[in-house]
Amino acid sequence: MVLAVMKYLIGNWKANKTEEEAQTWIKQVKRENLRIEEGLKVILCPPFIHLNLLRQEFPGLLLGCQDISPYADGAYTGEITARMVRGLTQYVIVGHSERRRYFHESAVVVAQKVLQALDNGLTPIVSVDRDNWRQQVIALDEEARKNSIFMYEPPEAISQQLGPIGKGTPAPLKEVKRMIASIRDETQAIAVIYGGSVKAANIGRFLDDPGIDGVLPGSASLNAPEWIRMVIAANRIASNNSS
């Protein structure tokens with residue numbers, strides 16, 4: 001018997017969609033009445049303002065947020081803390097390369113966010129890149145590493161939001177497998193996934209590989225038909241793995 005392997009499909013809307021646009025996406029996806037296979041976890045990470053809407057419209061959908069404060073509740077104007085969102089979401093993206101680049105988040109700040117997430121029952125999805133992954137990993141203690149999902153995402157592979165599903169070139173499969181194996185050995189994490197220009201046309205290349213636990217598409221998840229195609233493809237792979 002082949003043991004079932006858990007695969008992850010995690011959509012990241014980034015800073016996109018008004019409420020009206022989110023409603024349109026929801027209507028298109030709901031029409032498909034998608035079911036999720038046992039060996040697959042589908043997680044959607046919208047902006048904070050859409051979490052409650054998506055929870056109401058898709059009661060069984062796993063949700064994540066795209067960031068949290070490194071602080072607990074207190075006098076931190078504008079911050080959204082892990083305790084505020086723990087009733088709405090189960091996951092949180094931490095240390096995304098766009099946060100590190102545009103908001104100058106250090107490894108120390110990312111580690112603080114990971115601890116806030118874990119202290120509030122959220123699973124961190126920690127993003128690391130090719131050149132700095134080891135330093136980014138060792139900033140976390142052993143317990144934090146083991147209780148996190150890690151995402152390998154080289155910044156140059158991130159899709160630009162051009163056209164309906166974005167344009168970009170994913171990292172070569174050989175590189176992705178090598179990096180994920182190294183990160184897994186160092187972290188002993190829940191899962192290690194890949195992010196960077198993932199779309200329906202290439203999702204199978206990554207999810208079919210037993211050494212890659214999942215994918216995190218960004219721009220492609222904004223397009224409802226493309227998201228549907230990715231879920232269908234991921235379902236097929238999960239079904240094959242469990243049969």
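Can you give the convex hull volume of the alpha carbon atoms of segment 199-243 per residue, in Å³?
It comes to 58 Å³ per residue, whole-number rounded.
Counting helices only, and only those DSSP H runs with n ≥ 4, report the 222 nm mean residue ellipticity of the chain as the sum of -39,500 (n - 2.57) divided by its residues, in deg cm²/dmol to the nearest 500.
Calculated from helices alone, the mean residue ellipticity at 222 nm is -11000 deg cm²/dmol.
May I ask for the net charge around Ile10, where only other residues with Cβ less than 13 Å from the Cβ of Ile10 are counted and Lys, Arg are +1 while Asp, Glu are -1?
Every neighbour counted, the sum reads +1.
Taking neighbour Cβ counts within 10 Å as the exposure measure, how do Asp208, Asp67, Asp213 sort from fewest upward?
Sorted ascending by nearby Cβ count, the order is Asp208, Asp67, Asp213.
Taking neighbour Cβ counts within 10 Å as the exposure measure, how do Met230, Met179, Met6 sort from fewest upward?
Neighbour counts put them in this order, fewest first: Met6, Met179, Met230.
Using only Cα atoms, what Kirkwood radius does segment 1-145 have, in angstroms?
Answer for segment 1-145: a Kirkwood hydrodynamic radius of 16.5 Å.
Tell me the relative contact order for segment 71-180 as a rounded percent, counting alpha carbon contacts under 8 Å between residues six or more apart.
With pairs under 8 Å counted, the relative contact order is 22 percent.
Tally Lys and Arg at +1 and Asp and Glu at -1 over the other residues with C-beta under 9 Å from the C-beta of Glu186: what net charge comes out?
+2
I want the antiparallel fraction of DSSP beta bridges within segment 7-242, as a percent rounded to 5.
5
Cβ under 12 Å from Asn241's Cβ, Asn241 left aside: what net charge do those residues give with Lys, Arg +1 and Asp, Glu -1?
Once all neighbours under 12 Å are counted, the net charge is -3.
So how much slack lies between Glu21 and Lys174, counting 0.36 nm per residue of separation and subtracting their Cα-Cα distance, in nm?
51.4 nm
Which chymotrypsin sites (Phe, Trp or Tyr not before Pro) does segment 50-157 hold that lie in a coil by DSSP with at most 14 other beta carbons within 10 Å?
Here the sparse-neighbourhood loop sites are Tyr71, Tyr76, Phe103.
Can you tell me the dipole magnitude for the chain around its Cα centre, using point charges on the Cβ only (Lys, Arg +1; Asp, Glu -1), in Debye to the nearest 20?
The dipole magnitude comes to about 520 debye.
Give me the extension gain from Arg35 to Lys146: residue separation times 0.36 nm, minus the current Cα-Cα distance, reported in nm with one decimal.
37.0 nm
Computed FRET efficiency, Cβ-Cβ of Gln56 and Val108, R0 35 Å: what is it to the nearest 0.05?
The value I calculate is 0.45.
For segment 34-82 and segment 177-199, what is the centre-to-centre distance using only Cα atoms, to the nearest Å?
Between the Cα centres of segment 34-82 and segment 177-199 lies a distance of 22 Å.
In vacuo Debye scattering of the chain, one point per C-alpha: log10 I(q)/I(0) at q = 0.08, 0.11, 0.12, 0.13 Å⁻¹?
Per q value, in the given order, log10 I(q)/I(0) is -0.27, -0.53, -0.63, -0.75.
In nm, to one decimal, how far is the Ile232 label point from the Arg83 one, both placed 7 Å along Cα→Cβ?
It works out to 4.6 nm between the two label points.
Every number in this text was worked out from the coordinates using simple rules, so none of it is lab data. If you're wondering where the values come from, they're calculated on a predicted model, not measured in any experiment. Cβ atoms come from the backbone with ideal geometry, glycine included; neighbour counts cover every protein chain shown.
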